[in-house]
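Scroll down for the structure; my scribbles are underneath it.
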Amino acid sequence: MSAIKKVALIGASGNLGPKVLSGLVEGGFQVTVLSRQESSATFPSEVTVKKVDFSSLDSLKDALQGQDAVVSAAASAAIGAQKLVIDAAVATQVKRFIPSEFGIHTREAQGTKIGKILTGKIQITDYLIEVSKKHGWFSWTGIAVGPFFDWNFSGGLLGIDVKNKTAKIFDSGNERFSASTLGFVGKAVAGVLKNPEATANKYIEVASFTTTQREVLKLVEEQTGASYTVTNVQTSELEKIADEKLAKGDWSAFIELLQQHEFGDGKGNAVKENAAVTQLGLKEEDLKTEIKKVVSA
């Protein structure tokens with residue numbers, strides 16, 4: 001497979017997108033950002049920006065001419081629109097498509113409650129598999145990174161509240177989970193595109209580090225010089241809350257299901273082997289350093 005040089009990025013102004021953009025630029029790729037026609041977002045001068053009608057196949061085809069790869073960092077609400085982008089990518093001979101996964105391993109979540117919420121993502125990967133079988137020159141890579149450590153720490157997913165010096169410990173708090181910083185995800189995307197043959201038509205797992213809730217809490221307490229008030233929460237209770245929400249069509253149940261998925265005793269959803277880190281030319285990040293950053297943010 002020939003080297004990938006020109007990359008089109010979708011969702012560059014979202015929560016993850018700017019870090020993926022930085023990872024690609026720093027990785028030496030020629031990046032074209034595909035932006036909604038009504039968007040007022042601005043981007044670095046070294047990046048080409050093309051305004052696109054994401055509901056128009058012709059508009060997408062025009063924007064993707066000459067590109068080697070497409071990376072989607074689109075928000076969950078826009079997942080369904082990726083199918084048309086894939087069709088445009090195939091029509092313009094784009095070689096690689098990286099869908100907007102960047103969370104839990106959705107191939108392993110099929111048939112579960114959290115997998116039901118992520119049906120859109122699962123269907124997109126199904127479609128990519130189908131398309132890659134029809135066109136031998138086209139390939140895809142799915143990337144699971146676990147929760148975004150820096151973004152979700154402040155958002156409360158990990159259960160630790162620095163301001164109020166409190167912590168919710170789910171089950172024993174000793175279940176190992178894998179997480180990635182936003183910046184690390186950007187580097188991982190660049191790493192995939194620098195290693196196109198090794199990552200073709202694969203769903204890979206990669207993470208900044210693997211830890212436990214109790215280890216994180218211990219380091220947070222050391223960093224802040226305070227003892228936290230701990231409340232124990234059973235993930236079986238979280239599942240009941242999620243079921244009640246889902247019965248009402250409330251998709252915010254994803255939060256409780258994600259906490260159960262990551263922190264529930266015996267779930268075993270941490271990265272088994274972080275081999276992809278080496279394969280992509282990356283290094284695991286230092287947990288203590290990253291905690292220092294999020295605590296002082």
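The values are calculated or read from the model by the stated rules, or taken from the named source; none is laboratory data. The structure displayed is predicted, hence computed values, not measured ones. Every residue, glycine as well, gets a Cβ built from its backbone with ideal geometry; the counts of neighbours run over all protein chains shown.
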Across the stretch 229-255, what is the number of residues that are of a type in the set (Ser, Thr, Tyr), assigned to a helix (DSSP H, G or I) and loosely packed, with under 12 Cβ neighbours inside 10 Å? 1
Go through the stretch 148-164 and give me each residue that's in contact with an Asp or Glu (Cβ under 9 Å, 6 or more places away or on another chain) and not aliphatic (A, V, I, L, M). PHE149, ASP150, PHE153
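Would you confirm, using the coordinates I've provided, whether ALA73 is without any contact (Cβ under 8 Å) to a residue 40 or more places away in the chain, in the same structural domain as GLU130 (by TED's automatic domain parsing) and surrounded by 14 or more Cβ atoms within 10 Å (Cβ to Cβ)?
Details: without any contact (Cβ under 8 Å) to a residue 40 or more places away in the chain: no; in the same structural domain as GLU130 (by TED's automatic domain parsing): yes; surrounded by 14 or more Cβ atoms within 10 Å (Cβ to Cβ): yes.
It is false that ALA73 is without any contact (Cβ under 8 Å) to a residue 40 or more places away in the chain, in the same structural domain as GLU130 (by TED's automatic domain parsing) and surrounded by 14 or more Cβ atoms within 10 Å (Cβ to Cβ).
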Is it true that GLN82 is assigned by TED's automatic domain parsing to the domain that holds PRO196 and assigned to a loop (DSSP other than H, G, I, E, B)? no
Testing ILE122 on (1) free of Cβ contacts under 8 Å to residues at least 24 places away in the same chain; (2) of a type outside the set (Gly, Ala, Ser); (3) within 19 Å of ILE4 (Cα to Cα), one condition comes back false. Which one is that? (3)
When the residues of the stretch 17-40 are narrowed to those that are part of a loop (DSSP other than H, G, I, E, B) and closer than 11 Å to VAL189 by Cβ, which ends up farthest from the chain's Cα centre (by Cα)? PHE29
Apart from one, (1) under 28 Å from ILE255 (Cβ atoms); (2) assigned to a loop (DSSP other than H, G, I, E, B); (3) touching a strand residue (DSSP E or B) at 6+ places or on another chain (Cβ under 7 Å) all hold for GLY14; the odd one out is (3)
Only one of (1) among the charged types (D, E, K, R); (2) closer than 15 Å to ASP126 by Cβ; (3) crowded, with 22+ Cβ neighbours inside 10 Å is not met by ARG96, so which one is it? (2)
When you go through ALA188, ALA198, ALA226 one by one, which is the residue that is surrounded by fewer than 16 Cβ atoms within 10 Å (Cβ to Cβ), of a type in the set (A, V, I, L, M, F, W, C) and in the same structural domain as GLY11 (by TED's automatic domain parsing)? ALA198
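Can you tell me which of ASN152, ASN164 is more than 17 Å from the chain's Cα centre (by Cα) and surrounded by fewer than 22 Cβ atoms within 10 Å (Cβ to Cβ)?
Details: ASN152 fails: more than 17 Å from the chain's Cα centre (by Cα).
When all the criteria are applied, what remains is ASN164.
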Only unsatisfied item for ALA74, checking (1) in contact with a Ser or Thr (Cβ under 6 Å, 6 or more places away or on another chain); (2) modelled with pLDDT of 95 or more; (3) outside any helix (DSSP H, G or I), is (2)
Matching residues, the stretch 47-88, being in contact with a strand residue (DSSP E or B) (Cβ under 7 Å, 6 or more places away or on another chain) and of a type in the set (Gly, Ala, Ser): SER59, ALA63, GLY66, ALA69, SER72, ALA73, ALA74
So SER132 fits all but one of (1) surrounded by fewer than 22 Cβ atoms within 10 Å (Cβ to Cβ); (2) polar (S, T, N, Q); (3) under 18 Å from PHE29 (Cβ atoms); (4) in contact (Cβ under 8 Å) with a residue 60 or more places away in the chain; what number is the exception? (3)
Positions within the stretch 117-129 being crowded, with 16+ Cβ neighbours inside 10 Å and either under 18 Å from LEU246 (Cβ atoms) or of a type in the set (Lys, Arg) (or both), in sequence order: ILE117, LEU118, GLY120, LYS121, ILE122
State which residue pairs qualify: first residue closer than 23 Å to GLY191 by Cβ and inside the stretch 268-297, second residue part of a helix (DSSP H, G or I) and modelled with pLDDT under 85 in any location, beta carbons under 7 Å apart, and separation of 6 or more residues or different chains. LYS283/VAL277; GLU284/VAL277
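Kindly indicate which of GLN37, GLN30 is of a type in the set (S, T, N, Q) and over 30 Å from SER252 (Cα atoms). Break it down into steps so the answer makes sense when it comes.
Values: GLN37 fails: over 30 Å from SER252 (Cα atoms).
When all the criteria are applied, what remains is GLN30.
Going by the conditions given, is ILE104 surrounded by 22 or more Cβ atoms within 10 Å (Cβ to Cβ), at pLDDT below 95 and in contact with a His (Cβ under 7 Å, 6 or more places away or on another chain)?
Numbers: surrounded by 22 or more Cβ atoms within 10 Å (Cβ to Cβ): yes; at pLDDT below 95: yes; in contact with a His (Cβ under 7 Å, 6 or more places away or on another chain): yes.
Answer is yes for this residue.
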Of all residues in the stretch 20-67, which are under 17 Å from THR92 (Cβ atoms) and hydroxyl-bearing (Ser, Thr, Tyr)? THR32, THR48, SER56, SER59
